[in-house]
Structure formats: C-alpha cells, structure tokens
1. Check Asp135 against each of (1) open to solvent by less than 10 Å² (accessible area, probe 1.4 Å); (2) touching a residue at least 40 places away in the same chain (Cβ under 8 Å); (3) not aromatic (Phe, Trp, Tyr) and name the one condition it does not meet.
2. Looking at Ser575, Ser589, Ser532 in this structure, which one is out of contact with any strand residue (DSSP E or B) (no Cβ under 7 Å at 6 or more places or on another chain) and farther than 26 Å from Val264 by Cα?
3. Give Ala164, Ala191 a once-over and let me know the one that is out of contact with any His (no Cβ under 6 Å at 6 or more places or on another chain), of a type outside the set (Lys, Arg) and farther than 19 Å from Val5 by Cβ.
4. Give the residues of segment 589-605 that are of a type in the set (Gly, Ala, Ser) and either surrounded by 24 or more Cβ atoms within 10 Å (Cβ to Cβ) or modelled with pLDDT under 90 (or both), sorted by residue number.
5. Let me confirm something: among Ala86, Ala62, Ala76, which residue is among the small types (Gly, Ala, Ser) and farther than 15 Å from Cys2 by Cβ?
6. Run Thr530 past the list (1) part of a loop (DSSP other than H, G, I, E, B); (2) buried (at least 24 other Cβ atoms within 10 Å of the Cβ) and report the number of the one that doesn't hold.
7. Can you tell which of Lys232, Lys312 is in contact with a strand residue (DSSP E or B) (Cβ under 8 Å, 6 or more places away or on another chain), over 21 Å from Gln349 (Cβ atoms), open to solvent by 20 Å² or more (accessible area, probe 1.4 Å) and of a type outside the set (Phe, Trp, Tyr)?
8. Any residue at all in segment 357-368 that is over 19 Å from Phe331 (Cβ atoms) and open to solvent by 10 Å² or more (accessible area, probe 1.4 Å)?
Amino acid sequence: MCGIVGYIGRSPAAPILLDGLARLEYRGYDSAGIAVYDGKKLVGRKALGKLKVLAEVTHDGANMPGTVGIGHTRWATHGEPSEINAHPHFNEEETIAVVHNGIIENYLPLREKLSGRGYSFVSETDTEVIAHMLDYYYKGDPLAAITKVIHRVEGSYALGIIFAEHPDKVYAVRKDSPLIVGRSKDGNLIASDVPAVLKYTRDVYFIQNNEIAELTEDSIAFFSVDGDPIQKESKHIDWDENAAEKGGYEYFMLKEMYEQPKTVRDTLNPRINENDEIHIEELGMTDEEIAQISRIRIVACGSAYHTGVTAKYVFEGMARIPVDVDLASEFRYRDPILDPKELVIVISQSGETADSLEALRLAKAGGNTTLAIVNVVGSSIAREADKVMYTWAGPEIAVATTKAYSAQLIAEYLLAIKFACVRKKITREEMRAYVRDLKKLPEQIELLLGNEKRIQRFANRYVTAKDVFFVGRGIDYAISMEGSLKLKEISYIHSEAYAAGELKHGTISLIEEGTLVAAVVTQKALYPKTISNIKELTTRGAFVMAVTNEDNPELEKVADYVIYIPETNQYFTNSLAIIPLQMFGYYVSVGKGLDVDKPRNLAKSVTVE
C-alpha cells in the first residue's frame with residue numbers, strides 16, 4: 001500500500017526519490033520520508049501529511065546532498081501517523097536505514113528480545129524492529145546480516161536498506177509485497193511500482209519472493225535468502241511515461257474515465273480476428289480442457305469483485321457453467337470445498353492484492369487450475385497463476401478504479417463467449433454477433449461521456465446528501481454495487497447497494513422524503529419487477545435517478561430523473577450503465593472540494609490483509 005523508492009547513481013538522489021514518491025502517491029499514504037548518504041553519514045528527513053511538505057522542508061531535495069538514498073510514503077498500520085512513526089527507520093547509531101511495506105507479524109516477540117539485549121525503540125512501528133535486527137546481526141557484511149534477518153521475521157515485506165559503511169550499495173528484499181529494480185544510464189533504482197521509475201527507465205526486474213537485490217551505480221546482482229547468486233532477466237515496460245500524467249485533466253480519475261473507450265479497444269482487439277471470432281492465445285487452454293470445467297470460482301476484492309458478480313450472470317446465462325463469486329478476504333478462512341475440475345479466476349488490477357494472492361495460492365495448493373485477470377505485467381498474481389489474461393488499461397493512478405474496471409469486464413465477457421462457444425451453448429454465428437456488440441462499446445461509451453455537463457449539474461444538487469441508495473436486479477444489482485462504491489469512496493457519503501427485490505425485507509424503512517435512490521434498469525426481462533420496486537420507493541418520498549436503456553421511456557412515468565444508455569446486449573449493459581454512475585460520484589466529490597484521486601484512508605494497491 002505504501003510507496004518505496006531507492007536510488008544509487010551519479011545524480012543527486014534526493015530529487016529522484018521525491019519524484020519517484022510523487023508518482024506513487026496514488027497508493028495512499030499519511031506521511032513521507034527519505035534518507036540519503038551525504039558523503040559522511042546517513043541523513044534523514046520526515047514529514048507528516050502530503051509529500052509536498054517533505055519537498056518543502058528539503059527544498060525539493062536540494063539541501064540533502066548525496067547520490068545514494070531511499071524514500072517512503074507510509075500508510076499507518078502500526079502506530080498513528082506521525083513523524084516519529086514515518087519511514088525511514090534507523091538503528092540507534094543511525095548507520096543503517098530501512099524502508100518497509102507490509103507487516104511483520106512476529107514483531108512483538110522480536111521487539112521484546114531486542115529490548116532485552118539493550119536496544120531502545122523510539123517508534124510504535126513493526127519496521128523499527130528490522131533496523132535493530134540488522135544492527136544486531138551486522139558484522140561488516142550487509143548481505144549476511146540481511147539473510148539472517150529474513151530467516152527470523154514472519155509476515156509480508158518489501159524492504160529498501162542502506163548502510164553507512166557501504167555507501168556504494170542499496171539493498172532490496174521482497175516477500176509478498178511488490179518490489180522492482182530498474183536499470184538506467186545514470187544509476188539504478190528500486191521501487192514498489194513501475195510508475196516510479198518510468199521517467200528513468202523501462203527496463204525492470206521483478207523481484208520474487210525471498211529474493212535479495214544488491215545495487216551499485218553500475219551493477220545489479222540478485223541472491224536467494226541463503227545468499228546464493230540468482231540469474232534474472234529484465235522485462236521491458238511499454239507504458240508511456242505520459243500515460244501516468246494528467247494530460248490537462250483536473251484529476252487522474254477524470255482522465256481515466258475518458259480513457260475507457262481506448263481501454264476497451266485495447267483489451268478487446270488483440271483477442272478478435274478478422275472474422276469476429278475470439279482467440280485468447282495467452283489462455284493456453286485447449287477446447288477439451290474448457291469443456292471439462294465443472295464450475296468456475298471467481299475470487300476478488302472491491303471493484304474487481306463487482307465485475308465478478310457481473311461475470312457470474314454472464315457465464316451462467318451464456319455458457320451454462322455454474323459460478324461462485326467469493327470475496328478474497330473471506331475465501332480461505334471459510335475452508336472452501338474445491339473440486340480439481342473447477343477453474344479459479346482471480347481478478348486484481350494491481351496483481352498484488354494480498355487477499356487475492358493468498359486465495360490464488362490456496363487454490364493452487366488444492367490442485368485447481370488458476371487464471372489471473374490482471375493489469376500489471378509481471379505482478380505477483382500474474383507470475384503465480386497457471387494462466388494469465390492481461391487487461392491493457394495502462395497505468396491507473398486514481399485510487400477509485402474506472403478504466404481498469406471496464407477492462408476487467410471486457411476480459412470476462414470474452415472468456416464467457418469463448419467458453420459458451422466451445423461448450424456448444426452458442427453457435428459460431430452467435431459468437432460473432434456478441435463480438436459485434438462488444439466492438440460497438442467504445443463508441444457508445446464515448447457518447448455517454450458526452451453527457452458530462454448534464455450529470456455534473458445533477459450531481460451538484462447532492463453534494464450535501466447524507467445517504468444514497470443504489471438498487472437493481474440481476475446484472476443491474478452488480479452495477480449498483482459498483483456505483484455505490486464509487487460514490488462512497490470518493491465523496492464520503494454513506495451509500496448502499498441493494499437487490500431491488502430485497503427492499504421490502506427491511507431496507508425500505510430507511511427511505512424518507514427526498515432520499516436519493518439510483519435505480520439501474522437495463523435487464524428487459526426484469527423491467528416490470530424493478531419498476532414496481534421504484535414505485536414503492538417514490539410512494540415513500542424517494543427521489544429516483546434511473547439509468548436505463550433507450551427503449552424504456554416508460555421509466556419516465558415513475559422515475560424523477562432518467563439517464564439513457566445506448567442499446568446493447570443484455571449481458572454487456574454494465575459497460576455502459578456504469579459510466580454515468582462513475583461521473584455522478586466524481587462530480588459529487590468535486591462539488592464537495594475533496595481530493596478525488598486520493599480519498600482518505602484508502603490505497604490503490606492493498607498489499608496487507
């Protein structure tokens with residue numbers, strides 16, 4: 001969740017560290033700090049709050065000379081947000097500096113042992129334990145000290161480490177928390193995510209679990225936890241550096257909403273041939289293997305989970321395969337019963353979501369074939385899954401996902417159509433008809449984005465709302481779940497999504513005069529039932545904003561405000577109906593004067609359980 005950057009080379013380190021951390025702000029944080037070797041000693045600076053505070057106290061890094069250093073943006077887990085708890089953390093003599101993402105689960109017994117040996121602690125963090133343990137085991141050889149520490153700590157970690165006695169080296173260690181190494185002309189870098197290094201290089205190494213990297217300004221070496229050398233190959237990242245910039249938009253979220261037509265095309269086009277047939281080469285599954293799948297289990301968190309709920313309706317309706325959808329954080333703790341013939345699909349934008357990663361490992365241990373749908377090439381989930389299908393959304397910076405969500409939907413649609421055709425539940429001509437509908441989606445999304453001003457005016461009426469409810473049936477319920485999440489996570493307005501048929505079982509008691517209800521009505525077979533539910537709401541004083549298809553003007557008789565989406569196949573309506581709901585949440589947040597891209601208490605990549 002936090003951000004790590006490290007640099008060693010021929011240029012001043014501090015400005016590079018600050019720049020890299022700025023490119024990781026989307027991950028969420030509450031404090032920041034850097035440590036640099038100034039030629040004589042390690043010097044650290046920390047600041048509570050936004051990175052700009054740290055930039056101000058360091059004069060954008062100008063008053064911290066040196067060409068080797070590490071930096072960190074912290075999201076508090078152990079100890080309140082404060083300068084003392086901010087990273088980097090040092091040993092008592094301040095000759096070793098450490099930055100850390102993750103959680104050291106056995107830090108309390110380790111802290112007690114170190115205290116018994118005379119070590120004093122100044123912070124409440126689990127990370128300070130690592131600094132003192134390195135000090136305890138350090139006998140002149142940094143690599144030997146690091147390997148001893150790794151064998152004694154439990155939990156998840158990505159570490160950046162520098163030693164005053166070895167100012168020509170930066171060390172990086174990783175277990176269950178992402179970390180990469182980048183090679184550039186002027187030096188070498190470590191970072192917790194690719195955007196931090198794109199300005200300097202596109203050639204990166206992905207550190208795997210229980211691996212150590214040793215960087216000098218001209219070399220990069222890798223070792224196992226036992227200190228044995230490892231050979232690794234770099235990967236070239238094709239992302240354009242400008243893709244991680246706002247490009248004239250006020251917020252990344254707005255930019256990323258407008259990038260959704262391109263995202264849909266980029267995820268769709270490589271998997272469709274000139275005959276409008278689907279070929280997912282990277283899937284690596286024969287038709288026989290697909291035909292033998294007895295059940296699909298989708299595991300994900302947050303918005304990715306919501307795409308999975310949609311996918312359940314699509315797979316079951318189109319391919320007639322039973323589908324279970326699990327929250328990753330609950331999956332392994334309920335001791336799931338897995339059949340080896342089940343396909344387990346794990347969905348994650350970052351490919352580093354801790355809960356989803358552990359669910360993947362549980363499924364693999366049970367003998368299940370695993371398929372990852374991820375956006376980040378080389379991420380942990382992508383590497384560990386048996387199969388991987390990438391969503392070509394490019395870097396998504398805003399914490400609230402938009403384009404990655406849309407790309408995940410497309411990947412799931414493609415899989416469902418492919419599986420349905422292989423299992424002979426649809427004909428090849430029906431496959432081509434579905435594909436033709438998918439190919440229309442980018443242009444249809446562009447049309448909906450053109451309603452920006454109208455939705456902004458409507459959203460401005462609800463910046464002071466206390467409660468908003470989203471309702472729908474079937475796929476519309478899945479859309480409502482995501483629309484509700486978009487609103488609550490960036491506007492801090494209490495919002496809930498309900499299956500419309502469940503309103504009468506208690507929830508309708510919360511409706512009072514003027515309560516805003518967003519009703520999604522795109523499933524034609526469910527029009528009458530949902531309209532009846534809307535009447536129940538308006539009778540009790542609700543103001544209903546409805547999102548529906550162009551062929552449903554009857555809704556204007558019962559709803560107070562109607563947004564129409566273009567006609568598409570019933571299975572694909574999520575890709576269109578979610579657009580006005582994204583914009584509504586965005587403009588409510590903007591109207592409240594909030595930081596849309598970095599909502600409080602949230603992080604882009606949730607790498608702790």
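1. Result: Asp135 fails condition (1) only.
2. Details: Ser575 fails: farther than 26 Å from Val264 by Cα; Ser589 fails: farther than 26 Å from Val264 by Cα.
Going through Ser575, Ser589, Ser532 in turn, just one is out of contact with any strand residue (DSSP E or B) (no Cβ under 7 Å at 6 or more places or on another chain) and farther than 26 Å from Val264 by Cα: Ser532.
3. Values: Ala191 fails: farther than 19 Å from Val5 by Cβ.
The match here is Ala164.
4. Taking segment 589-605 and keeping what is of a type in the set (Gly, Ala, Ser), we get 589, 591, 593, 603, 605.
Those that are of a type in the set (Gly, Ala, Ser) and either surrounded by 24 or more Cβ atoms within 10 Å (Cβ to Cβ) or modelled with pLDDT under 90 (or both): Ser589, Ala603, Ser605.
5. The unique qualifying residue is Ala62.
6. Looking at each condition in turn, Thr530 falls short on (1).
7. Just a single option satisfies the conditions, and that option is Lys232.
8. Filtering segment 357-368 down to residues over 19 Å from Phe331 (Cβ atoms) leaves none.
Within segment 357-368, none of the residues are over 19 Å from Phe331 (Cβ atoms) and open to solvent by 10 Å² or more (accessible area, probe 1.4 Å).
The values are calculated or read from the model by the stated rules, or taken from the named source; none is laboratory data. Nothing here was measured: the structure is a model prediction, and the numbers come from that model. Counting neighbours? That spans all protein chains shown, and the Cβs are built from the backbone with ideal geometry, glycine included. What goes into the accessible areas is simple: the full protein's heavy atoms, side chains included, and nothing from ligands, DNA or RNA. Shrake-Rupley method; radii C 1.70, N 1.55, O 1.52, S 1.80 Å.
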